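Okay, structure first, notes after.
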Amino acid sequence: MPLLPARFKPYTRQTIGQARQWEWLSEAQREEVQVVSHVMPFRTNEYVLDRLIDWNNIPDDPIYRLVFPHRDMLAPEQYGQLRALLQEGEPAAIEACVRAIRHGMNPHPAGQMTHNVPQQGGVPLRGLQHKYDQTVLFFPSAGQTCHAYCTFCFRWPQFVGMDDMKFDARGSGELVAYLQHHREVTDVLVTGGDPMIMNARQLAAYLEPLLDPSLAHIQNIRIGTKAVAYWPQRFVSDRDADDLLRLFERIVQAGKNLAIMGHYSHAVELRQEIAQQALKRIVGTGATLRMQGPLIRHINEDPKSWAELWQTGTRLGAIPYYMFVERDTGPHAYFSLPLARAHAIFQAAYQMVSGLSRTVRGPSMSAFPGKILIDGVVEIAGEKLFALQFLQARNPDWVRRPFYAKFDANATWLDELKPAFGQEKFFFELDQPVPDIPAVHKVIRLAQAA
Ligand code: SF4
């Protein structure tokens, strides 16, 4: 096995030819990487290439499929057209073709650009999203890349220069001002890209203002990251890894819950010793580490992989949290699985693990109205149905209300489902108040420690 890479070295479309593994791909495989990576972002690194991909299993290896673009991610006519244009080498025509394909891929699903951006004094706050009462998402501009790019990523417009479709905040000033006026917010989720791409000093500049006494209502600071899998050296051996952990400790000592939202896609990511070390070092600071990731065709359809991931994580001190349904963006047709199958995979994996790992929830769709859990497939009055419920919702009154959709073996997303029992619309499409149930979601004042 090659030595563990000590310094982070990324590879992109322009530089992947320098990686020794590039020679191991066939000419056809190299061509598809080159063509498709004009549309989808492509970035990998030495650790992913050396330690996570099994090169004897190409192209079926799950991590290879996770980071290397494939021909089938584009429609055959799109692939053919782009390939021909690249051979002709006319930049304007290539750009127009790429742009058209990208815009046809639902670049900002679930109303992210139109419905979730908050305003202060009538001005939209670039770099913030506020969809659910308690949680604000924050996109620091220095954290809008990743250690490698996942081919299914729903944040892909952030990486490909679609500037009109980009979220980022230069500093935390606007965030702090917004939070001071929104006492209902208890959680800030710092996300990207991957905030862990920043050095410890940059990250501290964004996070330490959140410890100000004027923001005592902020209880939880969450950081979404894939570094735990793609570059665990970030928490173990990077030059400022210890500074990063000291920052985590300062946040915890200031009385906040620091939750690292670790994105894991496959059990192989946590088989590496350094990945296990990273996990233990994170929880050793007093932070919590929650495991989450989407269920993706070609990559993690095997329930045993999920069960191993959750069991290993639990043993090391992490908390299994979410299995998501692959979002309706990017090469969705290539990666999506029918909801019925997603539920069957989740159920099989859940049945393999002990109660400690059953903190995990799923499969869950992060759709426009909220996070919807597929609870099961049931039969009521002779009708086969999906049992569903909101875990989070734009209207808090919708949360944890069971509802039903007609069973559809092929449906992959909410908008393909039809309401059950002859109804024309789901209850949340009517947006009626819930009868006989008081609005109980009002803000609860936080108890101060004596
Ligand atoms: S790590 Fe997350 S943000 Fe980065 S490419 Fe993968 S899914 Fe997207």
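The values are calculated or read from the model by the stated rules, or taken from the named source; none is laboratory data. Since the model is a prediction, treat every value here as computed from it, not as a measurement. Counting neighbours? That spans all protein chains shown, and the Cβs are built from the backbone with ideal geometry, glycine included.
Residues considered: ALA318, ALA340, ALA409. Of these, the only one that is touching a Ser or Thr at 6+ places or on another chain (Cβ under 9 Å), at pLDDT 95 or above and among the hydrophobic types (A, V, I, L, M, F, W, C) is ALA318. Annotation note: Cβ proximity below 6 Å between a residue of region 126-151 that is under 30 Å from ASP397 (Cβ atoms) and a residue that is within 16 Å of the ligand (Cβ to nearest atom) and charged (D, E, K, R) (sequence gap 6+ or interchain) occurs for GLY127/ASP168; PHE139/ASP168. Any residue in region 50-62 that is under 13 Å from GLN272 (Cβ atoms) sitting within a Cβ distance under 6 Å of a residue that is surrounded by 12 or more Cβ atoms within 10 Å (Cβ to Cβ) and among the polar types (S, T, N, Q)? List the pairs, counting only those 6 or more apart or interchain. So the pair list comes out as ARG51/GLN272.
For region 270-295, name all the residues that are part of a helix (DSSP H, G or I) and crowded, with 21+ Cβ neighbours inside 10 Å. Steps first, answer last, please.
So the first thing to find is which residues in region 270-295 are part of a helix (DSSP H, G or I), and the list is 270, 273-284.
Once the filter is applied, which keeps residues that are part of a helix (DSSP H, G or I) and crowded, with 21+ Cβ neighbours inside 10 Å, region 270-295 yields LEU270, ALA275, ALA278, LEU279, ILE282.
None of LEU137, LEU175 is at pLDDT 90 or above, away from the ligand (no atom under 16 Å from the Cβ) and crowded, with 19+ Cβ neighbours inside 10 Å except LEU175. What residue, among those in region 117-130 that are within 25 Å of ILE197 (Cβ to Cβ) and either within 16 Å of the chain's Cα centre (by Cα) or among the aliphatic types (A, V, I, L, M) (or both), is nearest to the ligand (Cβ to nearest atom)? Going through the qualifying residues, I end up with GLN129.
Checked against (1) surrounded by fewer than 21 Cβ atoms within 10 Å (Cβ to Cβ); (2) among the hydrophobic types (A, V, I, L, M, F, W, C); (3) closer than 20 Å to MET196 by Cα, ALA267 meets all criteria but (3).
Counting only residues that are polar (S, T, N, Q), over 22 Å from the mean Cα position of the chain (by Cα) and buried (at least 16 other Cβ atoms within 10 Å of the Cβ), how many does region 7-49 have? Working first, answer last.
Restricting attention to region 7-49, the residues satisfying the condition of being polar (S, T, N, Q) are 12, 14-15, 18, 21, 26, 29, 34, 37, 44-45.
From what is left, the residues that are over 22 Å from the mean Cα position of the chain (by Cα) are 14-15, 18, 21, 26, 29, 34.
Of the ones still in play, those that are also buried (at least 16 other Cβ atoms within 10 Å of the Cβ) are 21, 29, 34.
Residues flagged as polar (S, T, N, Q), over 22 Å from the mean Cα position of the chain (by Cα) and buried (at least 16 other Cβ atoms within 10 Å of the Cβ) within region 7-49 amount to 3.
Would you confirm whether any residue within region 153-164 is more than 9 Å from the ligand (Cβ to nearest atom), among the hydrophobic types (A, V, I, L, M, F, W, C) and more than 30 Å from HIS266 (Cβ to Cβ)? Talk me through it step by step, then tell me what you get.
Going residue by residue through region 153-164, those that are more than 9 Å from the ligand (Cβ to nearest atom) are 157, 160-164.
Subsequent filtering for residues that are among the hydrophobic types (A, V, I, L, M, F, W, C) retains 160, 162.
Next cut, more than 30 Å from HIS266 (Cβ to Cβ) only: none.
Checked region 153-164: no residue is more than 9 Å from the ligand (Cβ to nearest atom), among the hydrophobic types (A, V, I, L, M, F, W, C) and more than 30 Å from HIS266 (Cβ to Cβ).
Contact annotation: residue pairs with Cβ atoms under 9 Å, 6 or more positions apart or on different chains, pairing a residue in region 189-208 that is within 16 Å of the ligand (Cβ to nearest atom) with a partner that is in a helix (DSSP H, G or I) and of a type in the set (Phe, Trp, Tyr), are VAL190/TYR206; ASP194/TYR230; PRO195/TYR206; MET196/PHE235; MET198/TYR206. When region 364-417 is filtered for residues that are part of a loop (DSSP other than H, G, I, E, B), of a type in the set (Gly, Ala, Ser) and under 19 Å from LEU295 (Cβ atoms), the ones remaining, listed by number, are ALA367, ALA409, ALA411.
For region 179-199, the set of residues classified as buried (at least 21 other Cβ atoms within 10 Å of the Cβ) and assigned to a helix (DSSP H, G or I) consists of LEU179, PRO195, MET196, ILE197, listed by residue number. Reported count of residues in region 210-242, each being part of a loop (DSSP other than H, G, I, E, B), hydrophobic (A, V, I, L, M, F, W, C) and more than 16 Å from the ligand (Cβ to nearest atom), is 3.
Apart from one condition, THR359 fits all of (1) within 20 Å of VAL228 (Cα to Cα); (2) touching a Pro at 6+ places or on another chain (Cβ under 9 Å); (3) buried (at least 20 other Cβ atoms within 10 Å of the Cβ); the exception is (3). Tell me, yes or no, whether region 233-242 has at least one residue that is surrounded by 23 or more Cβ atoms within 10 Å (Cβ to Cβ), aromatic (Phe, Trp, Tyr) and within 21 Å of the chain's Cα centre (by Cα). Checked region 233-242: at least one residue is surrounded by 23 or more Cβ atoms within 10 Å (Cβ to Cβ), aromatic (Phe, Trp, Tyr) and within 21 Å of the chain's Cα centre (by Cα). Residues satisfying the criterion are absent from region 26-38 (criterion: within 16 Å of the ligand (Cβ to nearest atom), among the hydroxyl-bearing types (Ser, Thr, Tyr) and not in a loop (DSSP other than H, G, I, E, B)). Please verify whether ASP238 is more than 28 Å from SER336 (Cβ to Cβ), in contact (Cβ under 8 Å) with a residue 60 or more places away in the chain and not aliphatic (A, V, I, L, M), treating the condition exactly as stated. Yes: the conditions hold for ASP238.
Answer with yes or no whether LEU74 is of a type in the set (A, V, I, L, M), over 23 Å from the mean Cα position of the chain (by Cα) and away from the ligand (no atom under 16 Å from the Cβ). Criteria not met by LEU74.
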